Amino acid sequence: MRPPTKALARAKINLALHVTGQDRRGYHLLDSIVGFAAIGDWVYFHPGARLSLDIGGPFGAGLDAGTDNLIWRAAELVGGTGSFRLDKCLPVASGIGGGSADAAAALNLLSPTFGQPGVDAALSLGADIPVCLAGEPVRMGGIGGDLHKITLPSFAMVLVNPGLSVSTKDVFNALKKKDNPALTGHPDTPDHTAWLDWLHAQRNDLAGPAIGLAPAIETCLIALRETGADLVRMSGSGATCFGLFRAQANAISAAREIARRHSNWWVKATRLMGSEDPFDHVIRDTFEM
C-alpha cells in the first residue's frame, strides 16, 4: 500500500507584475516575476477509491469542500481519487495564490498514479495553476502558461494582510490601462543588490486599482516601508503585501513591530526561497487523516 503523503502549497509571491494587454478572448496578458515563500497551506492525501475533501486550519472556516473547490476540480481533471485534507494557513483571496497552490499541491500528490495535466488543461483551472505546479522562481508570461526559470536569490521576507479578501476580477476590471510596458531584462545572477535595484524599477500594475478598492492595502505598504525593508510591494491582486530584507533578524523584528501596532492583521516573517533552495513539494510521511 502506498504511504500517505502531504504537500506544502507554498505562498506565491509576485515580485513584479506587469499587465501588458489582452488576448482576443479577453484574457489579460501578464509579465511577472514569481517566487515562493517558505510557508503555505498543507494538503494531505491518502489513496482511495472515492474522492473526498475535508478542510480545517486557521482560514478554513466557510470554505467550500465540495465540487467547486479547486482541489476537487484538480483531482477530477486528472481522474484522481482519494481522501484529501486541507489545512488552510494562508488568508483567502489574498493575492498569494492560495487556492491555486492548493490545487497544484493536490495534482503533485496525485501525479505518481494519475499523471500531470498539460499546460492548457492546468490553465482551465486558473491562470496561477501552471506557475504553482512549477513551484520555483520563474518569469511568467502570457495568460499564465509561459514559464521560464530564473536565477533568484533568497531573501528574508515579511508578509502582511490587513484581513481583507479582494476580488481578482474586480481589481482587473478597475485597471484602466491594459497595455502597459513589459518587464525589462532581469538579472541572471543570484545577487541581492542586482535584483533589488532591478525590482525597484519594475512595478505591480494591479496595485493602484486594488488600493482604490481597498485603501487598507496602502496602510500595509506604509507599515512595511517604515520598517526599512529593502523592497515593499503588493503581491498579485492583493491584499497581501510583502517586504524583502537581507537579514532574517530584521524581518523578524519588522514583523513583531507591525503585529504590535496592528494586532488584527495577519503578519508573518518567513523567507522568499531562492533558485538554489530545494523545492521538495511532496513529503512521504505517516500521519493521521
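Using the Cα centre of region 29-84 as the reference point, and only Cβ charges (+1 on K/R, -1 on D/E), how large is the resulting charge dipole? Debye, rounded to the nearest 20. Could the numbers behind the result be given before it?
Numbers: 2 positive and 6 negative charges, 35 e Å.
So the magnitude is around 160 debye.
Suppose every Lys and Arg Cβ carries +1 and every Asp and Glu Cβ carries -1, with no other charges. What dipole size does the chain come out with about its Cα centre, to the nearest 20 debye?
Working: 26 positive and 28 negative charges, 73 e Å.
Result for the chain is approximately 360 debye, rounded to the nearest 20.
Indicate the gyration tensor shape class of region 155-272 (rounded, prolate or oblate), computed on the Cα atoms with a ≥ b ≥ c the square roots of the eigenvalues: a/c under 1.5 is rounded; otherwise a/b larger than b/c is prolate and the rest oblate.
Working: a/c = 2.48, a/b = 1.08, b/c = 2.30.
Taking the square roots of the gyration eigenvalues as a ≥ b ≥ c, region 155-272 is oblate.
Quick one: 3J(HN,Hα) in Hz for region 170-186, Karplus 6.51/-1.76/1.60 with θ = phi - 60°, rounded, Gly and Pro as x.
Along region 170-186, the couplings run 5, 5, 5, 5, 7, 6, 6, 9, 9, 10, 8, x, 6, 4, 7, x, 8 Hz.
What ranking do Ile71, Ile39 get, fewest neighbouring Cβ atoms within 10 angstrom at the top?
Numbers: Ile71 27, Ile39 18.
Final ranking by Cβ density, sparse to dense: Ile39, Ile71.
Roughly how many nanometres apart are two label points built 7 Å out from the Cα toward the Cβ at Gln116 and Ser83?
2.8 nm
Would you work out which of Gly56, Val119, Tyr44 lies farthest towards the positive end of the dipole of region 1-130? Charges go on Cβ: Lys and Arg +1, Asp and Glu -1.
Tyr44
Tell me, what HN-Hα J-couplings in whole Hz come from the Karplus equation 6.51 cos²θ - 1.76 cosθ + 1.60 at θ = phi - 60° for each residue of region 41-52, using x for Gly and Pro?
7, 10, 10, 10, 9, 10, x, x, 7, 10, 8, 8
For a paramagnetic label modelled at 7 Å from the Cα of Ala38 toward its Cβ, which residues of region 227-246 fall within the zone defined by backbone nitrogen distances under 13 Å?
Answer for this model: 245-246.
Could you tally the net charge around Ala174, taking each other residue with its Cβ under 15 Å from the Cβ of Ala174, Lys/Arg +1 and Asp/Glu -1?
For residues surrounding Ala174, the net value is +1.
Let me know the charge dipole size of region 50-157 about its Cα centre in debye, to the nearest 20, where only the beta-carbon of Lys, Arg (+1) and Asp, Glu (-1) is charged.
Values: 6 positive and 10 negative charges, 33 e Å.
Here region 50-157 has a charge dipole of around 160 debye.
Which of the peptides 260-267, 220-227 is most tightly packed, and how do the rest follow, going by the mean number of other Cβ atoms within 10 Å of each residue? Each step should come with its number before you reach the end.
Details: 260-267: 14.0, 220-227: 19.1.
Result, highest mean first: 220-227, 260-267.
Less than 20 Å apart at the alpha-carbon level, and either on another chain or at least 8 residues along: which lysines does that give for Lys169?
Hits, sequence-local ones excluded: Lys12, Lys177, Lys178.
Read-outs throughout are calculated quantities, based only on the coordinates presented, and are distinct from any laboratory measurement. All values derive from a computational prediction rather than experimental measurement. Don't worry about glycine lacking a Cβ; one is built from the backbone with ideal geometry, like all the others, and counts go over all protein chains shown.
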